[in-house]
Each structure stands twice: as C-alpha cells, then as structure tokens.
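Asks: Got a structure for you, written out below as structure tokens; questions coming shortly.
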Amino acid sequence: MVFRKQMASCEEAKNIDMVSYLSSLGYEPAKVQNIDYWYLSPLRNEKTPSFKVNRKLNRWYDHGLGKGGNLIDFAILYNNCTVGEFLRAVHAVPSLHQPDLLNKTSPQLETAEQIKILDIRPLSSFALCRYLRQRRIPFEIAGSFCREVTYELNQRRYFAIGFKNDVGGYELRNAFFKGSSAPKSFTSIAVGANEVAVFEGFFDFLSFMAIATNQQLLPGDFLVLNSLSFFEKARSFMEKHDCINLFLDQDKTGQNCTRYALSLSEKYRDKSSLYKYYKDFNDWMVNIGKSSPDYRRQ
C-alpha cells in the first residue's frame, strides 16, 4: 500500500506544470518559442539561456549539463534532496498541483487568509537550516530576525521560516513554498538612524545584514516592503529619514518602482548597481565568487 501511494505521488509530482513550478522558485523564461520555454539555468551559472522546458511534454533539458528529465529529476538536483524528501515537501504545497492559481490577480492575499499560525519558536529544523545555507544566510543572522513557524493550510500542518511584519502577519518561506499569513504589511526596523535601507523581500535584507556584519558596518534603519504594493503605505516611514537607500529587485517591476521613488525626492538613492547583473541582492550574494555573467536578470 505504501509503495502504491508513493507511485501515485510520483505521478502527481511529474504532472505538476514545470513552468509554474519554476515560477514559484522565482525563475521566469528569458524567451518563449512556441512550446519551448528558455531559461538561464537554475542549476548553474551561465550567460546565455540554455535550459529548455517543453511545455507540451512537461520535460526539461539543460544543454550545458547535458541532463534533462521530468520535474522530479529537476527538483532533486536543484534542492539536493532525495525523491522521498521532495515528495513529502511537494505534498505540503497544494497550490503546486493547481498552476492556474499562479495566474490570479493576488494569489498571495488569497492564501494569506487561508493560513492559520499554530506555533512560533526559534529556528531549529534541519530542512530550514539547509535552505538557509542554500541561500547563503548565516544561521545566526536568520535566527536574530526570523522564527520557525508552524502553520495550517487546507487542514494540514507545515513549517517555514517566518519573518514578522509590523501588524503581526508573517512572510513564510521554505524550499518549496512562498506565502504569507494575514494581515500583510511591511516590516520596519528603527534604531533612530538618519538613513534607511529598503528591500523588497526579507532574504535580501538578511543578505545585507550578513555582509554588513562581516564588514562590521554600523547598522541604520531598515524597511522590508514584503511586497511593492506597500511602497506608498511605507513612504511616511521612509521619508522621516534624510537618506533612503533603495535595494530593490533588478526586474522590470522593481526598477519601475525605483524610478518612481527617485522622481519623488532627492532623498531616494538607487543602490541596485551593486548587484547590477543579478536578479536581486540575495542572488548576487549567492553567486559571489563565481564568474560574473553578462546578464542574469529575468
């Protein structure tokens, strides 16, 4: 019976839409040619997109590695996990079985209303610590700002790294899930400084803190938007400062927001040139020491 259930789970996982799964991990195609979706490889560093997904067959092939297969084959390489570990994790994320949800106007807000926080404790899970290592976030840094959150979604219990916002909700992340609990808002950290550093997501903030700690830089105030939709709401906090340093993503939405901010006041300063050829601050930090690509932005 257990063998039959695992076989069923394997077949279900293989049928998850590969394009939607990559999108849930933060990867968007560099180009689309009919049924072929081309990406900069999630499995290695490269300059020219050579990772192809055939959406009709729902299979991938990395021309640089000379490897390919179904979604499970990709997941165990990407997450450095066993088939069993992946199946247990993907079973914990019902939305992956429903790729159409990714096309709704605000799926995170819908999910936020469905998530119920059950327990909050210091980070200790081996799986979450391994995920932090993959993102190159020191455990000591993550432990200072994040918690291990057990939550309920669709009457099932899961756990994730939780980052609290100013009104009591949590941004939730693990290797297979990106979501949030209600109420959603931004996260401000104020120590009375004249400058504030602004980030879209908390992994970028944690990356900055890791580098600042290593270089013994003096901390200022911080703002994690948790979503660009909170930019206007957060302006009153940002504009209390003499200098507002923006570390927003290098995608079109992030850069549009940066240009808008620069038009508002000379207080705003674009600091994204630090990771010019990368998707965001964390992507840059993860790839420190590797050969710099000409273009990594999605």
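The values are calculated or read from the model by the stated rules, or taken from the named source; none is laboratory data. This is a predicted model, so every value here is computed, not measured. Positions of Cβ are backbone-derived with ideal geometry, glycine not excepted, and every protein chain shown enters the neighbour counts.
Asks: Which count do you get for residues in the stretch 155-178 that are assigned to a loop (DSSP other than H, G, I, E, B), touching a helix residue (DSSP H, G or I) at 6+ places or on another chain (Cβ under 7 Å) and of a type outside the set (Gly, Ala, Ser)?
Replies: Total satisfying the criteria: 1.
Asks: For ASN194, which of the numbered conditions (1) loosely packed, with under 14 Cβ neighbours inside 10 Å; (2) out of contact with any strand residue (DSSP E or B) (no Cβ under 7 Å at 6 or more places or on another chain); (3) not aliphatic (A, V, I, L, M) fails to hold?
Replies: (2)
Table: residues versus (1) among the hydrophobic types (A, V, I, L, M, F, W, C); (2) farther than 28 Å from LYS116 by Cβ.
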{"position": "PHE159", "(1), (2)": "yes, no"}
{"position": "ALA197", "(1), (2)": "yes, yes"}
{"position": "SER207", "(1), (2)": "no, yes"}
{"position": "LEU223", "(1), (2)": "yes, no"}
{"position": "ALA234", "(1), (2)": "yes, no"}
{"position": "PHE247", "(1), (2)": "yes, yes"}
{"position": "LYS252", "(1), (2)": "no, yes"}
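Asks: Looking at (1) surrounded by fewer than 18 Cβ atoms within 10 Å (Cβ to Cβ); (2) without any contact (Cβ under 8 Å) to a residue 40 or more places away in the chain, which is the one condition that is false for ASP242?
Replies: (2)
Asks: Determine whether SER125 is over 18 Å from ASP17 (Cβ atoms), among the hydroxyl-bearing types (Ser, Thr, Tyr) and at pLDDT below 95.
Replies: yes
Asks: Name every residue in the stretch 152-181 that is within 18 Å of PRO122 (Cα to Cα) and among the aromatic types (Phe, Trp, Tyr), in order of residue number.
Replies: TYR158, PHE159, PHE163, TYR170
Asks: Whether any residue in the stretch 190-211 is β-branched (Val, Ile, Thr) and out of contact with any helix residue (DSSP H, G or I) (no Cβ under 8 Å at 6 or more places or on another chain) is what I want to check.
Replies: Taking every residue of the stretch 190-211 in turn, at least one turns out to be β-branched (Val, Ile, Thr) and out of contact with any helix residue (DSSP H, G or I) (no Cβ under 8 Å at 6 or more places or on another chain).
Asks: Next up: Can you tell me which of PHE176, PHE163 is in the same structural domain as LEU132 (by TED's automatic domain parsing) and touching a Cys at 6+ places or on another chain (Cβ under 8 Å)?
Replies: PHE163
Asks: I've got another one for you. Quick check on the stretch 149-179: of everything there that is modelled with pLDDT under 95 and among the charged types (D, E, K, R), which residue is nearest to PHE203 (Cα to Cα)?
Replies: ARG173
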